[in-house]
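The values are calculated or read from the model by the stated rules, or taken from the named source; none is laboratory data. The model shown is predicted, which means the values in this text are computed figures rather than measured ones. Positions of Cβ are generated from backbone atoms using ideal geometry, with glycine treated the same way; all protein chains shown enter the neighbour counts. Each accessible area value is taken on the protein alone, full model and side chains, heavy atoms only, with ligands, DNA and RNA left out. Shrake-Rupley method; radii C 1.70, N 1.55, O 1.52, S 1.80 Å.
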Amino acid sequence: GTLAGPWLAARMGVDPVRVDAMRRAGELIAVREPGSTEWLYPAWQFEKGTPRRDVARITAEARAARIDEKRLYDLLTTPMGLGGTGRRTLVDLLLEGRADEVVASIRTAR
């Protein structure tokens, strides 16, 4: 699931402007639904209410590869394997503590 920016800000106990600044700085991943102006933050990037430390590494690699937020989200959540037929995603690897593999996959997605 995803979390709306204002809800996330309230949950984290920070101003919504701070959440947006974290997104712009690459500390958080967010996407927008087509036609919407509201950023949505995937829940999997948080652990015990704080951003996973590897999220910044992943967004930095995506930015270096000129991958935008939508494409990054798609890369992270699309099933791996030939034609996307597998059930596992890069998010699964991240949650297993295999961030180096996620970063390498983002690097090769250029």
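A few points about this structure:
- Mean separation of Cα contacts under 8 Å (6+ apart) over length of the chain, as relative contact order %: 22 percent
- Close amide H contacts of Thr2 (hydrogens built in the peptide plane, cut-off under 5 Å, sequence separation of 5 or more or a different chain): Ala43.
- Averaged per residue, the chain has 60 square angstrom of accessible surface, using a 1.4 angstrom probe with ligands and nucleic acids left out.
- Ranking Thr59, Gly35, Val14 by how far each Cα lies toward the positive end of the dipole of segment 12-67 (charges on Cβ) leaves Thr59 at the top.
- Anisotropy class of segment 25-110 from Cα gyration tensor, a/c 1.5 cut: rounded
- Apolar share of the accessible surface for the chain: 51 percent from carbon plus sulfur atoms, 1.4 Å probe.
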